[in-house]
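Input: a single structure, listed below in structure tokens.
The values are calculated or read from the model by the stated rules, or taken from the named source; none is laboratory data. These figures come from a predicted structure and were not determined experimentally. Ideal geometry is used to build each Cβ from the backbone, glycine not excepted, and the neighbour counts take in all protein chains shown.
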Amino acid sequence: MSAASLISPPLTLAEIPQPQILSLGVLASGSGSNLEAIAQSIRGGALKARIQVLIYNQPGAGVKDRAERLGIPAVLLNHRDYASRADLDRAIVETLKQAGADWVIMAGWMRIVTPVLLDAFPRRVLNIHPSLLPSFRGVGAVEQALSAGVKVTGCTVHYAVPDVDSGPILAQAAVPILPGDTPESLHARVQVQEHQIFPLGIALAAQRERDI
């Protein structure tokens, strides 16, 4: 295996039927690189979707600036303003529905979601995680992989479920760990692959929804 990843399933977006335009609501906590990757895939015509709204929970998060540059409406729902995770999720559901979002895309959303959100969008809440699940669930997945001494890690697009990072897998990309890798260097290469497989995973989830 080279430094490039192997993607499973070995598909491109062009190979996945996309008869309908998806309405997406994106949740993000950080810089928003996955938001931008999805937006670029949409603008290039590869992913048939619209991003209706970005919800972010950190007042200084860089994702807000990306959303403004991309022309995506952004709403701050600071988790510190809510008494419980369920209360936050109720506000998220209300914001998503007001924006007309039918799918929830957790693009670096650093909060555990509750059944309040999951039940409002059954089989339509997707997450990306920087490991080859089921290995290295939870926070610090890149650091976990380096500490374990494995030779390959990667990233996974999966359905969100109440048990963290345990939902059915939609797509994965494998990334070799190179000699001398640091958490920063490995995370950067994993993130490149996240940008490739997240739009693919979204399209696959929509295809599965149509086939049910």
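Do the conditions hold for SER131, that is, is it crowded, with 20+ Cβ neighbours inside 10 Å, modelled with pLDDT of 95 or more, among the hydroxyl-bearing types (Ser, Thr, Tyr) and assigned by TED's automatic domain parsing to the domain that holds VAL190?
On the way: crowded, with 20+ Cβ neighbours inside 10 Å: yes; modelled with pLDDT of 95 or more: yes; among the hydroxyl-bearing types (Ser, Thr, Tyr): yes; assigned by TED's automatic domain parsing to the domain that holds VAL190: yes.
When the stated conditions are applied, SER131 passes them.
Please pick out the residue among GLY140, GLY100, GLY60, GLY71 that is under 18 Å from LEU22 (Cα atoms), free of Cβ contacts under 8 Å to residues at least 12 places away in the same chain and out of contact with any Pro (no Cβ under 6 Å at 6 or more places or on another chain).
Every option except GLY71 fails the conditions.
Pick out the one residue from VAL139, VAL161, VAL152 that is of a type in the set (Val, Ile, Thr), under 16 Å from ASP89 (Cβ atoms) and surrounded by fewer than 23 Cβ atoms within 10 Å (Cβ to Cβ). Talk me through it step by step, then tell me what you get.
Numbers: VAL139 fails: under 16 Å from ASP89 (Cβ atoms); VAL152 fails: under 16 Å from ASP89 (Cβ atoms).
Going through VAL139, VAL161, VAL152 in turn, just one is of a type in the set (Val, Ile, Thr), under 16 Å from ASP89 (Cβ atoms) and surrounded by fewer than 23 Cβ atoms within 10 Å (Cβ to Cβ): VAL161.
Could you list all residues from segment 16-31 that are out of contact with any Ser or Thr (no Cβ under 9 Å at 6 or more places or on another chain) and either loosely packed, with under 15 Cβ neighbours inside 10 Å or in a strand (DSSP E or B) (or both)?
Residues of segment 16-31 that are out of contact with any Ser or Thr (no Cβ under 9 Å at 6 or more places or on another chain), as a first pass: 16-24, 26-31.
Correct list: PRO17, PRO19, GLN20, ILE21, LEU22, SER23, LEU24, VAL26, LEU27, ALA28.
Taking interchain pairs and intrachain pairs at least six residues apart, which have beta carbon atoms under 7 angstrom, with the first residue in segment 185-210 and more than 19 Å from ILE169 (Cβ to Cβ) and the second aliphatic (A, V, I, L, M) and surrounded by fewer than 23 Cβ atoms within 10 Å (Cβ to Cβ)?
Close Cβ pairs satisfying both conditions: LEU186/LEU146; LEU186/ILE177.
Yes/no per residue for (1) among the β-branched types (Val, Ile, Thr); (2) outside the structural domain of ILE112 (by TED's automatic domain parsing); (3) surrounded by 18 or more Cβ atoms within 10 Å (Cβ to Cβ); (4) at pLDDT below 95:
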| residue | (1), (2), (3), (4) |
| --- | --- |
| ILE38 | yes, no, yes, no |
| ILE42 | yes, no, yes, no |
| GLY45 | no, no, no, no |
| PRO59 | no, no, no, no |
| GLU68 | no, no, no, no |
| ALA74 | no, no, yes, no |
| ASN78 | no, no, no, no |
| ASP81 | no, no, no, no |
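Among residues belonging to segment 168-206 that are under 18 Å from VAL113 (Cβ atoms) and within 13 Å of the chain's Cα centre (by Cα), point out the one that is surrounded by the fewest Cβ atoms within 10 Å (Cβ to Cβ). Walk me through how you get there before you give the answer.
Residues of segment 168-206 under 18 Å from VAL113 (Cβ atoms): 168-170, 198, 201-202, 205.
Checking which are within 13 Å of the chain's Cα centre (by Cα) leaves us with 169-170, 198, 201-202, 205.
Numbers: ILE169: 16, LEU170: 23, PHE198: 26, GLY201: 23, ILE202: 28, ALA205: 23.
Among residues in segment 168-206 that are under 18 Å from VAL113 (Cβ atoms) and within 13 Å of the chain's Cα centre (by Cα), the one surrounded by the fewest Cβ atoms within 10 Å (Cβ to Cβ) is ILE169.
Looking at segment 44-68 only, could you name the residues that are of a type in the set (A, V, I, L, M) and part of a strand (DSSP E or B)?
ALA49, ILE51, VAL53, LEU54, ILE55
Considering segment 1-15 alone, what residues qualify as being free of Cβ contacts under 8 Å to residues at least 12 places away in the same chain and assigned to a strand (DSSP E or B)?
none
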